[in-house]
Amino acid sequence: MENKQQSNGMTKENNAVKKKVNWSGSLIVASLTGAFGSSFLYGYNLSVVNAPAGYIKKFYNETWERRYGFSVDEGKLTLLWSITVSIFAIGGLVGAIIVTPIVKFFGRKCTLVLNNVFAVAAALLMSLSLLAGSFEMLILGRIIMGVDAGISLSALPMYLSEISPKEIRGSLGQVTAIFICIGVFTGQVLGLPEIFGQESRWPFLFGAIIVPSLIQVVILPFLPESPRYLLLEKHNRSKAEKAFQRFLGKDDVSHEIEEVLAESRVQRNTKLVSVLQLLGTRAVRWQIVTVVVTMGCYQLCGLNAIWYYTNNIFSESGINRETIPYVTLSTGAVETLAAVFSGLIIERLGRRPLLIGGFGLMIVFFAVLTVSLTLQNTVHWLPYLSIFCILAIIASFCIGPGGIPFILTGELFQQSQRPAAFMIAGTVNWLSNFAVGLLFPFIQAGLQTYCFLVFAGICFAGATYLFFVLPETKNKTFNEISQAFAKRNKVTLEMQEMNHYPGERKSSEEQESDFTSSVDNGETKKGIV
């Protein structure tokens, strides 16, 4: 009995030690540096065009007049501005499509580093456009910046999910969402009149993009590549062990190595699958649907509509127009704090409650906001209720739907399927983003304040689907998550293993022998399909 108590005590101590060493210095630096040069820039470029919009339109008009001898008409100016804003999403779609072969060939970390070529090129084009007198440079810079964002929003979550222990995979994955929010907030702050929100200074808003990129280029190369990528795709056991040791902050990583090898045995081989192969794999049918639904709802749940209404609602509340930009900072601050809060509680509550709960709260506050906006001219205090609803919707979004879709994409698929899965998720993300930008003005014009009921309906559909389909993935290995979907996919575990790679079958003994031999010899075998 005494020995048993001592054993239990030692187990608790070991678990405590494990939890302490999970957050190693290399893990923290890799996640912060990776996010600062990636998802931060995505968030920054979402908000950075808002403050100087008037000055940029004036620059467009002056450039047009200098070239052609007459002012551009209002319709063309609006079209040029719409292209400038929305073409970011087209670039993002291109980035999401090309990310799969890039991460296969270069790896996760190197992709993030090389991606800064796009960011620096875009920053130079956009910041020098005024000096060169060419608005085409600004538009081209926006599309190149979109390519950077499309690549980074797939490569970063992939990298973070593969370097983190399963006990903190959710918290580390939320770094992506936290830095998106910090980027949005930074764009709002730098756009203030006292900083770069002036006619002569707006190009500096775009030149500032270079700073996070250079920081990432300087620091990230000194950190390890994803150990899962090194072991399963490059078959380099020694480098994978060193990477695990640095990220986990301990010498003995045999358990982690064995866990990854166990996944490879389930997969039967380590060839990477294409998007078409993944779509045709029965064993991941519901995982794909789940990623499409969560990514679609991430963009279509109405947060863009909230940004559209914010200034009008603040103005209706009696806030002076000159002070509205400063009050708007509260939305960015709430967004950031909610994302940080989500990162702190995600490993306690899990993914399901935060996703479903976030969408559920958004439904409630969308309904209240619709009522308050419809009646705000009749009751003097209703505009303040509208402000509260806006902040509550933003907080509800960031607590769950704002970051967890990226985490789930990394968790629901095996190593060999992950690049193709992120390509599908990224494509849905950017197409939905573009659709919102294209269709929202028509929805708003037709439904006015009732447009929020459309978004409430989308949130309800997403929450309902996730309630019935999504299993909890907290603290589960990739194999355990696959098994949780096996029944819904109507495959047995053996069928699931066989379905990962239709065709090109070897016996499990032959493949395990081949794989173990290649890992032990440190060979690098390219198996890109």
| field | Order by protection proxy (mean Cβ within 10 Å, highest first), peptides 198-208, 296-306 | value | 296-306, 198-208
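Please say if the chain is rounded, prolate or oblate, where rounded means a/c under 1.5 for a ≥ b ≥ c the square roots of the C-alpha gyration tensor eigenvalues, and otherwise the choice is prolate for a/b larger than b/c and oblate otherwise?
prolate
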| request: Write down the accessible area per residue of the stretch 397-458 in Å², having rolled a 1.4 Å probe over the full set of protein chains. | output: 28 Å²
| Extreme residue, positive dipole direction of the chain, given options Thr427, Gly318, Gly183 (C-beta unit charges) | Thr427
| Percentage, to the nearest whole number, of Cα pairs in the stretch 273-494 over 32 Å apart | 25 percent
| remark: With a 1.4 angstrom probe the carbon and sulfur portion of accessible area for the chain, in percent, totals 65 percent
| task | Between beta-carbons, use under 13 Å as the cut-off and find the net charge around Ile407, counting Lys and Arg +1, Asp and Glu -1. | result | +3
| Helix hunt in the chain: which complete DSSP H runs extend at least 15 Å axially by C-alpha with mean Kyte-Doolittle at least 1.6? | 25-36, 116-127, 351-375, 382-399, 451-469
| message | I need the shape label for the stretch 212-284. Rule: rounded when a/c is under 1.5, else prolate if a/b > b/c, else oblate, with a, b, c from the alpha carbon gyration tensor. | response | oblate
| request: Mind checking which of Ala155, Cys451, Leu131 is farthest towards the positive end of the chain's charge dipole, using Cβ charges of +1 (Lys, Arg) and -1 (Asp, Glu) about the Cα centre? | output: Ala155
| query | Based on the mean of other beta carbon atoms within 10 Å per residue, what is the order of 278-291, 50-63, most packed first? | reply | 278-291, 50-63
| task | Keeping all protein chains in place, calculate the accessible area per residue for the stretch 24-223 (probe 1.4 angstrom), answer in Å². | result | 35 Å²
| query | Can you give the charge dipole size of the chain about its Cα centre, rounded to the nearest 20 debye, using +1 on the beta carbon of Lys and Arg and -1 on the beta carbon of Asp and Glu? | reply | 480 debye
| request: Towards the positive end of the charge dipole of the chain, with charges on Cβ (+1 Lys, Arg; -1 Asp, Glu), say which of Val85, Leu349, Ile219 has the farthest Cα. | output: Leu349
| note | Mean separation of Cα contacts under 8 Å (at least 6 apart) over the residue count of the chain, i.e. the relative contact order in percent, is 23 percent
| field | Against the rule of thumb 2.2 N^0.38 Å, how large the Cα Rg of the stretch 203-248 comes out | value | 1.65
| request: May I ask for the net charge around Lys490, where only other residues with Cβ less than 12 Å from the Cβ of Lys490 are counted and Lys, Arg are +1 while Asp, Glu are -1? | output: +4
| request: Starting from the coordinates of the alpha-carbon atoms of the stretch 24-223, obtain the Kirkwood hydrodynamic radius over all distinct pairs and give the value in Å to one decimal. | output: 17.4 Å
| said: Run the helix sum for the chain: -39,500 (n - 2.57) per DSSP H stretch of 4+ residues, divided by residue count, reported at 222 nm to the nearest 500 deg cm²/dmol. | reply: -24500 deg cm²/dmol
| said: With just the Cα atoms defining each centre, how far is the stretch 351-395 from the stretch 97-160? Give it in Å. | reply: 35 Å
| Size of the dipole of the stretch 273-494 about the Cα centre, Lys and Arg at +1 and Asp and Glu at -1 on the beta carbon, nothing else charged, in debye to 20? | 680 debye
| How big is the charge dipole of the stretch 24-223 about its Cα centre, in debye rounded to the nearest 20, if each Lys and Arg gets +1 on its Cβ and each Asp and Glu gets -1 on its Cβ? | 360 debye
| Ranked by how many other beta carbons lie within 10 Å on average, peptides 321-334, 353-366 from highest | 353-366, 321-334
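The values are calculated or read from the model by the stated rules, or taken from the named source; none is laboratory data. Not measured: the values here are computed from a predicted model. Using ideal geometry, Cβ is built from the backbone for each residue, glycine included, and neighbour counts are taken over all protein chains shown. The accessibility values were calculated without ligands, DNA or RNA, using every heavy atom of the protein model including side chains. Shrake-Rupley method; radii C 1.70, N 1.55, O 1.52, S 1.80 Å.
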